[in-house]
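The values are calculated or read from the model by the stated rules, or taken from the named source; none is laboratory data. Treat the numbers as computed from the prediction; the structure is a model and nothing was measured. Note that each Cβ is placed from the backbone with ideal geometry, even for glycine, and that neighbours are counted across all protein chains shown. Accessible surface is based on the protein model in full, side chains and every heavy atom, while ligands, DNA and RNA are left aside. Shrake-Rupley method; radii C 1.70, N 1.55, O 1.52, S 1.80 Å.
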Amino acid sequence: EDEAALIARLAANENDLEARLRLANLLVAAGRYEEGMDQLLEIVRRDRGYGEDIGRKTLLSVFDLLGGGELLSRYRRMLASILH
């Protein structure tokens with residue numbers, strides 16, 4: 001599915017976590033890290049256990065990809081605040 005189709009799925013059902021995960025992966029692959037990480041954070045917010053915690057695990061992979069910097073620090077803090 002392309003980005004537009006995934007956005008349409010989410011417009012129809014905000015809790016479609018599969019569509020949210022696919023969209024996140026698409027955005028990260030395109031180098032749109034913030035947008036992708038926002039989707040992953042939303043998965044963690046809505047259902048921490050979804051897909052064996054795939055939202056958090058995927059976020060950690062993106063963190064590894066980023067390697068450091070302010071963007072990484074900001075999203076680490078956001079994840080921590082959701083988890084605690």
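Need pairs with beta-carbon distance below 8 Å; first residue at positive phi and assigned to a helix (DSSP H, G or I) and within region 1-27, second open to solvent by 70 Å² or more (accessible area, probe 1.4 Å) and among the aliphatic types (A, V, I, L, M); sequence gap 6+ or separate chains.
Filtered contacts from region 1-27: no entries.
Being modelled with pLDDT of 95 or more, more than 13 Å from the chain's Cα centre (by Cα) and among the charged types (D, E, K, R) is true for just one of Arg32, Arg20, Arg74. Which residue is that? Break it down stepwise before answering.
Details: Arg32 fails: more than 13 Å from the chain's Cα centre (by Cα); Arg20 fails: more than 13 Å from the chain's Cα centre (by Cα).
Exactly one residue qualifies, and that residue is Arg74.
Quick check on my filter: what residues within region 18-73 are open to solvent by less than 60 Å² (accessible area, probe 1.4 Å) and among the polar types (S, T, N, Q)?
Listed by number, the residues that qualify are Gln39, Thr58, Ser73.
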